[in-house]
Amino acid sequence: MRKSCLALFFLLFCSGCWDMKEINQLAIVNIAASDKDPKTGMITSYYQVINPSGVSTKKGGSGGAAVYTYDFKEYSSGRFADKTSRVMPRLYYTPQIQCYIVSERYARQGILDLINFLERDPEHRTNVDIIVSDAPLSVVMNSFTSLERVPGRYIRSLFELHARNFHMSVFPSRLNDLAKGINFHQPTIIPILEYSSKQPASKADKLESINASKESMSFDDGAVFIHARMVGRLGVETKTVFYILNGKLEKFVEPIVVNGEKVDVEAQNVRVHREYDRSSSRLTIQVRADLRILSNKQNEMTVQNLHDIETAFNQSLKQKAKSFDELCKNKDWDLLGIQDKDVDPASWHQFKVLVLVNSKVTTIGNTGSSYKVEKSD
């Protein structure tokens, strides 16, 4: 009896689940997007909120859209949470957010204010993806996506598939990757979202269209950020070279020409070793890769032919690396991070970059030669 009374006494000081949130009382934000007018400083924020009945797989549900998009205008990011309570019938909730999207014009102004706001707020997550949209946010944020009804899940799935080609399956596209790079000279590359239509796919019947590429999102180019401000963009091939030379990419596809015919090879198990010689102002980058032949237009496969493929791959990657180095110097973008290795910022342009490529064909497919049609007399 005495133990029971003692237990009841201590229960009086327990707060219980005072911070518990019922899921049916929450407006779960899946994607947040921001645009900033460079003339007025007005910020337009979009919040894509999940509709539970719209994503439910149960039959006979109320259905409706998988997500609903709200947009608000303010001069300060801190006021949006309060403003949502005047429109949303549920509590604004961001811990389950999938990604952040910023407009290109906002990115070119610099998004340090946004990063600081999200870092200070414990309700927001900074380990999620951030992307730059070169399409109007009003179009992107009001569009359906194919195969995945929830756009945030669609974007996350694309990035997870892309991450398989990177070492440790980590695709460097998160907000905290951008935040960590603020005080470094090496730029951070963030994916650019491109939308294939000028109008949003906002009608349910669009989901039944067989042409899923007609109104869809893609992430080919990359935005170049220096000190949290976008200063330019890289095409998909240049972006790939950036990841290779910085030792982040483990697998990629390279089209080459051998003996006048097209050959597609997949570089696997890519290893990169970098060595700095500050006395002679030289950076040597050694790239090693195993090659798998994906497509071969040549009529036959010989030992010499395999060596020709390896040589063509080595030369192709070396030429791309040379063009990449020239781009770095011309744009004044230290994409190789030379200054961050105790190199004088005033002399990094004089650093010679020597790229050595060594590859070996390890997989040639099921057949060594292509099928041919025999000519009859």
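Find out how many positive minus negative residues lie around Leu158, taking Lys and Arg as positive, Asp and Glu as negative, among other residues whose Cβ is under 12 Å from that of Leu158. Combined, the nearby Lys, Arg, Asp and Glu give -1. For Asp277, the shell of other residues with beta-carbons less than 15 Å away shows a net charge of +2, using +1 for Lys and Arg and -1 for Asp and Glu. Summarising the label geometry, the points placed 7 Å from Cα in the beta-carbon direction at Phe117 and Glu300 lie 6.8 nm from one another. This model, with +1 at the C-beta of Lys and Arg and -1 at the C-beta of Asp and Glu, gives region 195-327 a dipole about its Cα centre of some 560 debye.
Charge tally for Pro255 (other residues, Cβ to Cβ under 13 Å; Lys, Arg +1; Asp, Glu -1): -2.
So which of Lys36/Lys180; Lys39/Lys341; Lys180/Lys251 end up more than 31 Å apart by C-alpha?
Details: Lys36/Lys180 23 Å; Lys39/Lys341 39 Å; Lys180/Lys251 25 Å.
Too far apart for the 31 Å limit: Lys39/Lys341.
Set the Förster radius R0 to 22 Å, insert the Cβ-Cβ distance between Leu161 and Glu194 as r into 1/(1 + (r/R0)^6), and round the FRET efficiency to 0.05. Working from the Cβ atoms, E equals 0.80.
Simple rule: put +1 on each Lys or Arg Cβ and -1 on each Asp or Glu Cβ in region 81-120, find the dipole, and look at Ala107, Leu91, Phe117; the Cα lying farthest toward the positive end is Leu91. Cross-link partners of Lys239 among aspartates and glutamates, defined as those whose alpha carbon lies under 12 angstrom from its own and excluding same-chain residues fewer than eight positions apart: Asp220, Asp221.
Between Lys180 and Lys39, what FRET efficiency follows from the Cβ-Cβ distance if R0 is 30 Å, with the result rounded to 0.05? Computed FRET efficiency for Lys180 and Lys39 comes out at 0.45.
Rounded to the nearest whole Hz, the Karplus-based 3J(HN,Hα) values (6.51 cos²θ - 1.76 cosθ + 1.60, θ = phi - 60°) of region 96-103 follow the sequence 9, 5, 9, 6, 10, 10, 10, 5, with x at glycine and proline.
Every read-out reported here was derived from the displayed coordinates using simple, explicitly stated rules and does not represent laboratory data. Keep in mind that this is a model prediction, so the values were computed, not measured. Note that each Cβ is placed from the backbone with ideal geometry, even for glycine, and that neighbours are counted across all protein chains shown.
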